[in-house]
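Colleague: My structure is below; once you've seen it, I'll send some questions.
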Amino acid sequence: MRNFSRRSMLKLAGFGAAAGASALNAKALAHQDHADGAMRHTVHAMGAVGRVSTERFDPAAYLRSFNGSHLPADERARFYKETPRPDGSLLREYRIVAVDREIEIAPGIFFPAWTYNGQVPGPTLRATEGDRVKVTFINQGSHPHSIHFHGWHPPEMDGSLPDQQVMPGATFVYEFDAEPYGLHLYHCHTAPLKRHIHKGLYGAFIIDPKTPRPQADEMVMVMNGFDTNFDADNEVYAVNTVAHHFMHEPIRVRTNALVRMYVINVTEFDLINSFHLHGMFFDVFRTGTTTSSTESTDTLMLCQGERAILETRFRYPGGFMFHAHQSEFAELGWMGMFQAEGARRDT
Ligand SMILES: [Cu+2]
């Protein structure tokens, strides 16, 4: 695998360099003459040049997949099963397998990942408060791993201590009640922790309140980064793993409809990450542990491991950019577009 520095990634992304210029369209390279004629500026295309194959992992399918809802029925049945319990709650059983797999994170850039069920992030797990969650974890990877869930659970289910590591070839069953409601995480908790998380062993764990949140168009956005040359610094950033994916394939939403984003920061090596949405404001439900919003903003800052539910309604049809407000992260892949369709909402 070739090594890429942050600078060479910036070049690949088409910023400030001629790299890949032949692939940029003429419109994007339109020149602007300044009044004094002394300076000529080039408007560069935004986003990586080329495309990442979505055959093995499609960030758009991941976006709206809960408990494997996008999978064919037989494939889903191998991963997830729900059984009603006498009190009206559900027993939710999952099968999660750790496997080493090379994944494509930007056009032609491959990363030797460690994955849950072959994907980064791992599948989104979703339960309702009071359900019983039972996860059979099988380690088929080359290193010891575990699953550490955020939320209430007894210490023996924590997956963090040395004697709780699951050796290659071994299996462990995690079982606990789903609480509290909110937007949580699961991730490997094997030392060195930052390496095990950064290699791709993480996923979203949503617990819905017993009285459900209002019907909405829901999506999961995991802010992640990849250190492709192992210098403890990320070269590629993304939402849902693939750099600039949603620049090429905008997230389609309807105007007026309630849009709910489950936003999680699992970026390693950078202390914070952020989510900025153009042209509107959104309501924030920090950690998802309230049903009334605590904040209205257009820029949300999240520390490592922090998450929030965001809700908004698109007022105008058209394209709206979203990206990290750390400009460098945006240029290295953490940037996307919404495409809103429908009638304009005049308020
Ligand atoms: Cu691990």
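The values are calculated or read from the model by the stated rules, or taken from the named source; none is laboratory data. Computed from a prediction, not measured in an experiment: that's the story for all the values here. Heads up, the Cβs are rebuilt from the backbone with ideal geometry, glycines too, and the neighbour counts pull from every protein chain shown. Areas reflect the complete protein model, heavy atoms only, side chains present, ligands, DNA and RNA absent. Shrake-Rupley method; radii C 1.70, N 1.55, O 1.52, S 1.80 Å.
Colleague: Might you check whether a residue that is within 16 Å of the ligand (Cβ to nearest atom) and under 23 Å from the mean Cα position of the chain (by Cα) occurs anywhere in the range 73-95? Don't jump to the end; show me each part of the working.
Modeller: Just the residues of the range 73-95 that are within 16 Å of the ligand (Cβ to nearest atom), to begin with: none.
The answer is no; no qualifying residue exists.
Colleague: Quick one: how many residues across the range 304-330 are open to solvent by less than 50 Å² (accessible area, probe 1.4 Å) and assigned to a loop (DSSP other than H, G, I, E, B)?
Modeller: Within the range 304-330, the subset open to solvent by less than 50 Å² (accessible area, probe 1.4 Å) is 305, 307-312, 314, 318-324, 326, 329-330.
With the extra rule that they be assigned to a loop (DSSP other than H, G, I, E, B), the set shrinks to 305, 324, 326.
Within the range 304-330, residues that are open to solvent by less than 50 Å² (accessible area, probe 1.4 Å) and assigned to a loop (DSSP other than H, G, I, E, B) number 3.
Colleague: Failed condition for PRO214, given (1) out of contact with any Phe, Trp or Tyr (no Cβ under 7 Å at 6 or more places or on another chain); (2) over 24 Å from ALA106 (Cβ atoms); (3) within 16 Å of the ligand (Cβ to nearest atom); (4) at pLDDT 95 or above, with all others met?
Modeller: All conditions are met except number (3).
Colleague: From the set of residues in the range 253-272 that are within 12 Å of the chain's Cα centre (by Cα) and not aliphatic (A, V, I, L, M), which is surrounded by the most Cβ atoms within 10 Å (Cβ to Cβ)?
Modeller: THR267
Colleague: Another question about this same structure. I'd like to verify a number: residues in the range 308-347 that are at pLDDT 90 or above, under 21 Å from the mean Cα position of the chain (by Cα) and among the hydroxyl-bearing types (Ser, Thr, Tyr), how many?
Modeller: Result for the range 308-347: 1.
Colleague: Report the residue count in the range 170-188 for those that are within 16 Å of the ligand (Cβ to nearest atom) and in contact with a Ser or Thr (Cβ under 7 Å, 6 or more places away or on another chain).
Modeller: Qualifying residue count, the range 170-188: 2.
Colleague: What single numbered condition from (1) open to solvent by 20 Å² or more (accessible area, probe 1.4 Å); (2) not in a strand (DSSP E or B) fails to hold for THR241?
Modeller: (1)
Colleague: Let me ask you something else. Checking the conditions here, which among MET301, MET247 is under 14 Å from ALA324 (Cα atoms), aliphatic (A, V, I, L, M) and either touching a helix residue (DSSP H, G or I) at 6+ places or on another chain (Cβ under 7 Å) or not in a strand (DSSP E or B) (or both)?
Modeller: Details: MET301 fails: either touching a helix residue (DSSP H, G or I) at 6+ places or on another chain (Cβ under 7 Å) or not in a strand (DSSP E or B) (or both).
Being under 14 Å from ALA324 (Cα atoms), aliphatic (A, V, I, L, M) and either touching a helix residue (DSSP H, G or I) at 6+ places or on another chain (Cβ under 7 Å) or not in a strand (DSSP E or B) (or both) holds for just one of MET301, MET247, which is MET247.
Colleague: Go over the candidates ALA204, ALA191 one by one and state the one that is open to solvent by 60 Å² or more (accessible area, probe 1.4 Å) and either within 16 Å of the ligand (Cβ to nearest atom) or modelled with pLDDT of 95 or more (or both).
Modeller: On inspection, the qualifying residue turns out to be ALA191.
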